[in-house]
Structures are given as structure tokens and as C-alpha cells.
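Here the structure is laid out as C-alpha cells; the discussion comes afterwards.
The values are calculated or read from the model by the stated rules, or taken from the named source; none is laboratory data. Please read all numbers here as calculations on a predicted model, not as lab measurements. Here the Cβ positions follow ideal geometry from the backbone for every residue, glycine too, while neighbour counts run over all protein chains shown.
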Amino acid sequence: MEMYLDKQELAKVLKIPVTSIDYYRREKGMPHIKIGKHHRYILAEVLAWVKKWRNN
């Protein structure tokens, strides 16, 4: 089962500021799902996106 992280949890895992999570989601297309008004992140999808984004 996939775990859905909120932006605070994801920021801790990636060791970046929470504001960077918002920026990457809005401006760079970080994968996320929206549940109501909340954004959630699947760690495996985000890590794959980071790897792809880093290599470009």
C-alpha cells in the first residue's frame, strides 16, 4: 500500500524547506494528488521525479 505524505512530512524526508515543496509543485510540476483542498505526495513518485529533474 502506498503512503501519502503531506508537505511537512515530504520536506523532512527530502531535507528541504516546506516552502520549496510548494514551489516545486506549482512551478516545476512535482507529482502530487489533490484530496479536497489538500495536496498529498507519494514518495516513490516524487523520488523518481527528483531523479529525472536532476538529470535534465
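Within region 2-28, the set of residues being in a loop (DSSP other than H, G, I, E, B) and either in contact with a Phe, Trp or Tyr (Cβ under 7 Å, 6 or more places away or on another chain) or modelled with pLDDT of 95 or more (or both) comprises D6, K15, I16, P17. Scoring L5 on the criteria (1) surrounded by 15 or more Cβ atoms within 10 Å (Cβ to Cβ); (2) out of contact with any strand residue (DSSP E or B) (no Cβ under 8 Å at 6 or more places or on another chain) leaves a single failure, condition (2). Checked against (1) modelled with pLDDT of 95 or more; (2) surrounded by 11 or more Cβ atoms within 10 Å (Cβ to Cβ), W53 passes all but condition (1). Within region 14-39, residues that are farther than 17 Å from Y4 by Cα reach partners that are hydrophobic (A, V, I, L, M, F, W, C) and assigned to a helix (DSSP H, G or I) with beta carbons closer than 7 Å, at six or more positions or on different chains, in the pairs P17/A11; K28/W53.
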